[in-house]
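Colleague: Shown below is the structure under consideration.
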Amino acid sequence: MQLRKVTAASAVVLALALSATACGGDKKDDTGSSGGKKIAIGIKFDQPGLGQKTPQGYSGFDVDVATYVAKKLGYGPDQIEWKESKSADRETMLQRGDVQFIAATYSITPEREQKVDFAGPYLLAHQDVLLRADESGIKAAGDLNGKKLCSVSGSTSAQNLKAKLAPKANLQTYPTYSACLSGLQSGAIDALTTDDSILAGYAAQAQFKGKFKLGGLKMTNENYGIGVKKGSDLKAKINKALESMVSDGSWEAAVKKNFGPANYHYEPAPKIGDVKS
């Protein structure tokens, strides 16, 4: 009887240990220490030059920045779980813990800073318009009044345009920039408005060569930051990684690799915490 009791107790201990291992084995780490685990990172899936999902994998400037940051946090490329972060979903994804951080053309704004924290900025872009190559009537922000415009729901571009730049514009919001681009190509809309970095990525695609052009309006400053959950200690670690990316030349290399084909005139790497109004 004594032997049977000891054996049964040992079995219970072993079962509990195995259960704990199974429950904790795949848990994502919020502290920036990998330990064989994975990290979930939010990016865009449909923005050429910035964040794009292709049959070959994921590519773009934001992907390169996120991969560099993840490496500094202790995660290799095979430990990254990429998740699509649409503009309207980003705050919710961070608040729910669906991702540890988001690098998805995520402009730092006072409204967003009430809900999430930002590391960076790591790129300064400007709101602009993408036009058909033969468009000659849009040369300033005021020319957008009365025009059929497209932007993505949840983006700051649509809000800025209606509130400050062209209050009489006929603004249409689509779920993705790709949908806006189709409307521009077909003539259903007159201009696609968002950040010049995003527009440059689309205009540089081989299938659109010679069909579109950037307006060059530079209507706003868009300070791209890396979003993290409010109060997360990842903010400081990511800022340190971004500084390292600039100092070792990796930032410049990533910019030229992703934006060079579009002849995009990018701004110098911004200083951490320097948010241009």
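Colleague: If you take the residues in the stretch 148-189 that are under 18 Å from residue 218 (Cα atoms) and part of a loop (DSSP other than H, G, I, E, B), which one is most open to solvent (accessible area, probe 1.4 Å)? I'd like the intermediate steps shown before the answer.
Modeller: Initially, the stretch 148-189 is screened for residues under 18 Å from residue 218 (Cα atoms), giving 149-151, 155-167, 169.
Remaining after also requiring part of a loop (DSSP other than H, G, I, E, B): 155, 166-167, 169.
Working: 155: 7, 166: 0, 167: 77, 169: 6 Å².
So the residue we want is 167.
Colleague: With respect to residue 98, is the statement that it is of a type in the set (D, E, K, R), buried (at least 22 other Cβ atoms within 10 Å of the Cβ), touching a strand residue (DSSP E or B) at 6+ places or on another chain (Cβ under 9 Å) and in contact (Cβ under 8 Å) with a residue 12 or more places away in the chain true? Even if it seems obvious, please write down each step before you answer.
Modeller: On the way: of a type in the set (D, E, K, R): yes; buried (at least 22 other Cβ atoms within 10 Å of the Cβ): no; touching a strand residue (DSSP E or B) at 6+ places or on another chain (Cβ under 9 Å): yes; in contact (Cβ under 8 Å) with a residue 12 or more places away in the chain: yes.
Here the answer is no, as residue 98 does not meet what is asked.
Conditions tested, residue by residue: (1) open to solvent by 30 Å² or more (accessible area, probe 1.4 Å); (2) modelled with pLDDT under 95; (3) under 21 Å from residue 125 (Cα atoms).
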{"position": "32", "(1), (2), (3)": "no, yes, no"}
{"position": "55", "(1), (2), (3)": "yes, no, no"}
{"position": "66", "(1), (2), (3)": "no, no, yes"}
{"position": "73", "(1), (2), (3)": "no, no, no"}
{"position": "77", "(1), (2), (3)": "yes, no, no"}
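Colleague: Suppose the filter is on the phi > 0 side of the Ramachandran plot, out of contact with any His (no Cβ under 9 Å at 6 or more places or on another chain) and either at pLDDT below 95 or not in a loop (DSSP other than H, G, I, E, B) (or both); does residue 225 pass it? So that I can check it myself, show each step before the final result.
Modeller: Numbers: on the phi > 0 side of the Ramachandran plot: no; out of contact with any His (no Cβ under 9 Å at 6 or more places or on another chain): yes; either at pLDDT below 95 or not in a loop (DSSP other than H, G, I, E, B) (or both): yes.
So residue 225 fails the test.
Colleague: Let me ask something else about it. Go through 230, 240, 257 for me and flag whichever is surrounded by fewer than 20 Cβ atoms within 10 Å (Cβ to Cβ) and over 18 Å from the mean Cα position of the chain (by Cα). Please lay out each step first, then the result.
Modeller: Values: 230 fails: over 18 Å from the mean Cα position of the chain (by Cα); 257 fails: over 18 Å from the mean Cα position of the chain (by Cα).
So the residue among 230, 240, 257 that is surrounded by fewer than 20 Cβ atoms within 10 Å (Cβ to Cβ) and over 18 Å from the mean Cα position of the chain (by Cα) is 240.
Colleague: Right, here's the next one. Condition test on residue 202, is it open to solvent by 10 Å² or more (accessible area, probe 1.4 Å), out of contact with any Ser or Thr (no Cβ under 6 Å at 6 or more places or on another chain) and touching a residue at least 12 places away in the same chain (Cβ under 8 Å)?
Modeller: Considered against the rule, which asks whether it is open to solvent by 10 Å² or more (accessible area, probe 1.4 Å), out of contact with any Ser or Thr (no Cβ under 6 Å at 6 or more places or on another chain) and touching a residue at least 12 places away in the same chain (Cβ under 8 Å), residue 202 comes out as no.
Colleague: Quick one: would you say residue 125 is surrounded by fewer than 21 Cβ atoms within 10 Å (Cβ to Cβ) and on the phi < 0 side of the Ramachandran plot? Before you say what the answer is, go through the steps one by one.
Modeller: Numbers: surrounded by fewer than 21 Cβ atoms within 10 Å (Cβ to Cβ): no; on the phi < 0 side of the Ramachandran plot: yes.
In short, no.
Colleague: Now, a different point. Quick check on my filter: what residues within the stretch 160-178 are in contact (Cβ under 8 Å) with a residue 12 or more places away in the chain and within 18 Å of residue 88 (Cα to Cα)?
Modeller: 160, 161, 171, 172, 173, 174, 175, 176, 177, 178
Colleague: Does the stretch 245-254 contain at least one residue that is assigned to a loop (DSSP other than H, G, I, E, B) and within 20 Å of residue 131 (Cα to Cα)?
Modeller: So in the stretch 245-254, the residues assigned to a loop (DSSP other than H, G, I, E, B) come out as 248-249.
With within 20 Å of residue 131 (Cα to Cα) added as a condition, the list becomes none.
Within the stretch 245-254, none of the residues are assigned to a loop (DSSP other than H, G, I, E, B) and within 20 Å of residue 131 (Cα to Cα).
The values are calculated or read from the model by the stated rules, or taken from the named source; none is laboratory data. Since we're looking at a predicted model, the values are computed, not measured. FYI the Cβ positions are ideal-geometry reconstructions off the backbone, even for glycines, and counts take in every protein chain you see. With ligands, DNA and RNA removed, areas are computed over all heavy atoms of the protein, side chains included. Shrake-Rupley method; radii C 1.70, N 1.55, O 1.52, S 1.80 Å.
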